[in-house]
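S.K.: The structure that follows is given in the form of structure tokens.
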């Protein structure tokens, strides 16, 4: 099963991202998920391994790989990477969500992973810890409501 996860993860491909140097967003392609949860990325003409800002490094569960795969293979709009730290390399990745009347809606990949319970927050990132706690409370409440209906 674990080998299947890495095989699927290695097939990830994303459309190239828009480049917006003024906003710090660069062209970015997710190549694969690494066994420690970091991502292999291609950006600015090079490939490198990077951690997602706010996500604790750990072997990723299946949901983590699946969410990253869905984000990486959406070809509607490109993803965008912002380098938050270079040593070690830490990035924020914005993925296209949908378009509404006001324009494109972009989602932070780390926040999406935390909201879905597919990753754990980096304890040093208070925003991520709070997001993970809120998502956990929401999932517990939804489970409680589901069991009450039975």
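S.K.: Do we have any residue at all in the range 48-60 that's modelled with pLDDT under 90, surrounded by 13 or more Cβ atoms within 10 Å (Cβ to Cβ) and part of a loop (DSSP other than H, G, I, E, B)?
M.R.: Yes, some residue in the range 48-60 is modelled with pLDDT under 90, surrounded by 13 or more Cβ atoms within 10 Å (Cβ to Cβ) and part of a loop (DSSP other than H, G, I, E, B).
S.K.: Tally the residues that are more than 28 Å from residue 57 (Cα to Cα) and either in contact (Cβ under 8 Å) with a residue 12 or more places away in the chain or surrounded by 10 or more Cβ atoms within 10 Å (Cβ to Cβ) (or both), restricting the search to the range 96-143.
M.R.: Let us first name the residues in the range 96-143 that are more than 28 Å from residue 57 (Cα to Cα), namely 98-104.
Checking which are either in contact (Cβ under 8 Å) with a residue 12 or more places away in the chain or surrounded by 10 or more Cβ atoms within 10 Å (Cβ to Cβ) (or both) leaves us with 98-99, 104.
Qualifying residue count, the range 96-143: 3.
S.K.: Can you find a residue in the range 81-95 that is at pLDDT below 90, under 10 Å from the mean Cα position of the chain (by Cα) and buried (at least 18 other Cβ atoms within 10 Å of the Cβ)?
M.R.: Within the range 81-95 (the criterion being at pLDDT below 90, under 10 Å from the mean Cα position of the chain (by Cα) and buried (at least 18 other Cβ atoms within 10 Å of the Cβ)), the answer is yes, since at least one residue qualifies.
S.K.: Considering the range 92-133 alone, what residues qualify as being in a strand (DSSP E or B) and touching a helix residue (DSSP H, G or I) at 6+ places or on another chain (Cβ under 6 Å)?
M.R.: Passing the criteria: 93, 95, 121.
S.K.: State the number of residues belonging to the range 70-80 that are assigned to a helix (DSSP H, G or I) and either farther than 10 Å from residue 30 by Cα or at pLDDT 90 or above (or both).
M.R.: 1
S.K.: Turning to a different aspect of this structure: Does any residue in the range 62-79 that is surrounded by fewer than 17 Cβ atoms within 10 Å (Cβ to Cβ) come within less than 9 Å, Cβ to Cβ, of a residue that is modelled with pLDDT of 80 or more and in a helix (DSSP H, G or I) six or more places away or on a different chain, and which pairs are these?
M.R.: 63/113
The values are calculated or read from the model by the stated rules, or taken from the named source; none is laboratory data. Treat the numbers as computed from the prediction; the structure is a model and nothing was measured. We place every Cβ from the backbone using ideal geometry, glycine too, and count neighbours over all the protein chains shown.
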